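Novice: One structure, pasted below without further comment.
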Amino acid sequence: MKRKYIAITGGIGSGKSTVLAYLKEKGYPVFSCDEIYKRLFRKESYVRAIKAVFPDAVNEKGIDRERLALLVFSDENARKQLNSIAHPLIMKELFSQMDACGESLCFAEVPLLFENGFEKDFDEVLVVMRDKTLRIQSVQERDVKSVESVKKRMEAQFNYDEQLHQEKLQKENVILLYNNTNVQALYKEIERYLAKL
């Protein structure tokens, strides 16, 4: 049976998790790189790997996520080092889970898809597009972060508004979902997409 793997991506605060939750509610198998990443923090081998590169981000309780985030979002080389440790493990586990699900259609939330060239590993890519101001507001409400810290995270990610990156968004297998009004409008966008599958 030929499986179709569909990635869901978009900038921080765009609404990826909302799309994933809606698809799950509709009965589709869904997977999340963020969930896999959270579980990595409980693995001793991962804690050791982080401690070897970022000793200041590990204490007697394990990895200090806030400290690690502070280190990697203020230093591009540190971010690349972390990604080189975490991403291969995350993607290996993600595809292992999707392969085992037995369904012909699988959705996966992949936050740093374009940044790492993972789009080539999926049949289609759903990109959740949202106005930057709304994204900042959403992340602030969710994570109680300052505008400055949210902007730093955004700057570290693929810029969906930048002209330079538009060619990636115009490929045939990339579908844009707009999330600039309300959640009901986003659900309608998802339904329009599902109707074409």
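Novice: For Cα Rg over 2.2 N^0.38 Å, several values are listed as (i) 1.73; (ii) 0.99; (iii) 1.05; flag the one computed from this structure.
Specialist: Here the calculated entry is (iii).
Novice: Another one. Would you kindly state the longest site-free stretch of the chain, with sites defined as GluC sites (Glu not before Pro) in a DSSP loop (not H, G, I, E, B) surrounded by at most 10 other Cβ atoms within 10 Å? The partial results should precede the final answer.
Specialist: Details: sites that count: Glu60, Glu162, Glu172.
Value returned for the longest uninterrupted segment is 61-161.
Novice: Now for a separate question. Which is farthest toward the positive dipole end of the chain among Tyr28, Tyr5, Val147, measuring Cα position about the Cα centre, with Cβ charges +1 (Lys, Arg) and -1 (Asp, Glu)?
Specialist: Tyr28
Novice: Just list whichever of Lys120/Lys168; Lys38/Lys61; Lys151/Lys171 have alpha carbons separated by over 18 Å in the model shown.
Specialist: Among Lys120/Lys168; Lys38/Lys61; Lys151/Lys171, the Cα-Cα distance tops 18 Å for Lys151/Lys171.
Novice: So, one more: Can you pull the one-decimal nm distance between simple spin-label points at Ala52 and Glu103, each 7 Å off the Cα toward Cβ?
Specialist: Computed distance between label sites Ala52 and Glu103 equals 3.7 nm.
Novice: Same structure, new question: Straight distance only, please: which aspartates and glutamates reach the Cα of Lys196 with their own Cα at less than 16 Å, same-chain residues fewer than 8 apart left out?
Specialist: Counting by Cα, and skipping residues close in sequence, Lys196 has these aspartates and glutamates nearby: Asp123, Glu124, Glu172.
Novice: Taking the Cα centre of each part, how many Å lie between region 1-58 and region 177-197?
Specialist: What the calculation gives is 22 Å, centre to centre.
Novice: Moving on to the next point. Report the extension gain between Glu191 and Asn83 in nm, rounded to one decimal, defined as 0.36 nm multiplied by the number of residues separating them, less their alpha carbon distance.
Specialist: 35.5 nm
Novice: How large is the helix-only mean residue ellipticity at 222 nm for the chain, computed as the sum of -39500 (n - 2.57) over DSSP H runs with n ≥ 4, divided by its residue count, in deg cm²/dmol to the nearest 500?
Specialist: After summing the helix terms and dividing by residue count, I get -15500 deg cm²/dmol.
Novice: Which one of Leu194, Ile136, Phe114 has its Cα pushed farthest toward the positive end of the charge dipole of the chain, where Lys and Arg give +1 and Asp and Glu give -1 at the Cβ?
Specialist: Of the candidates, Leu194 comes out farthest on the positive side.
Novice: Taking the Cα centre of the chain as origin, work out the dipole magnitude from +1 charges on Lys and Arg Cβ and -1 charges on Asp and Glu Cβ, in debye rounded to 20.
Specialist: Here the chain has a charge dipole of around 300 debye.
Throughout, read-outs are computed from the coordinates displayed, never taken from laboratory work. Remember, it's a predicted structure, so these values are computed and weren't measured experimentally. Neighbour counts are summed over all protein chains in view; Cβ atoms, including those assigned to glycine, are modelled from backbone coordinates with ideal geometry.
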